[in-house]
Amino acid sequence: MMNSLTEKVLSYVETQPEGTPLTAKGLLHLSNRAAIDQTLSRLARNGRVLRVGRGLYVRPVATKFGPRAPFPEKLIEGIARTSGETIVSSGATAANELGLTTQVPVRTVYLTSGRSRRLSLGKQSIELRHASSRSLAKPTERAGQAARALTWLGPREARRALSVLTHRLEPRELEELQAMRPVLPGWLAQTVSTLVPTNG
């Protein structure tokens, strides 16, 4: 039979959007830290929540086929929302999403303004890798995604990839990419200057 704290924690957990990270610190309005820690650990053993990292949990998502882990992007969105970190897809993922490479990244890697750590989401491993503010520039815009993809591709591939991007990005996005030259690696800033047209 569940005790009242377990019921309170579960009631709170059920109201949270998919991927919302759950921590003892975030549940202190329900009880003291030690009691919350014990409750979350017990719920994880019973499969009512999933442990994704040290002291970090999420609720499983109910489906007609049974419970599943949240989608990785939902977890990342939740971490960014609750921690205030800037988190973006890695350069390899960005290059794949922009169609600059057919190579699908073997590992799920994100760049973050926070500390580096690994998370386990079901059978999937997610790596959060600390990156400089330059690497995280324009986190929600395609120009930033393109910059991370080109940086990852490196000097030999960037020129070809940038010529592809001139047909895939909107003129405004190309201008934004060019405006990012001060935060780009020197070789990439030079390449962008050569291939991205300016207006006037």
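The values are calculated or read from the model by the stated rules, or taken from the named source; none is laboratory data. Just so we're clear, the structure is a prediction, and the values are computed from it rather than from any experiment. Heads up, the Cβs are rebuilt from the backbone with ideal geometry, glycines too, and the neighbour counts pull from every protein chain shown.
Among residues of region 24-42 that are without any contact (Cβ under 8 Å) to a residue 12 or more places away in the chain, those with a Cβ under 8 angstrom from a residue that is assigned to a helix (DSSP H, G or I) and surrounded by 14 or more Cβ atoms within 10 Å (Cβ to Cβ), sequence gap 6+ or separate chain, pair up as Leu28/Ile36. Specify the residue that is surrounded by the fewest Cβ atoms within 10 Å (Cβ to Cβ); the eligible residues are those in region 134-157 that are without any contact (Cβ under 8 Å) to a residue 40 or more places away in the chain and not in a helix (DSSP H, G or I). Applying the filter and picking the extreme gives Thr140. Residues considered: Ser116, Ser120. Of these, the only one that is surrounded by fewer than 19 Cβ atoms within 10 Å (Cβ to Cβ) and under 25 Å from Arg42 (Cβ atoms) is Ser120.
Select, from Leu111, Leu162, Leu128, the only residue that is touching a helix residue (DSSP H, G or I) at 6+ places or on another chain (Cβ under 6 Å), assigned to a strand (DSSP E or B) and in contact (Cβ under 8 Å) with a residue 24 or more places away in the chain.
From the options Leu111, Leu162, Leu128, the qualifying one is Leu111.
For region 46-84, the tally of residues that are assigned to a loop (DSSP other than H, G, I, E, B), charged (D, E, K, R), under 19 Å from the mean Cα position of the chain (by Cα) and farther than 24 Å from Val106 by Cα stands at 1.
Determine if region 36-45 includes at least one residue that is assigned by TED's automatic domain parsing to the domain that holds Ala158 and not in a loop (DSSP other than H, G, I, E, B). Looking through region 36-45, none of the residues is assigned by TED's automatic domain parsing to the domain that holds Ala158 and not in a loop (DSSP other than H, G, I, E, B).
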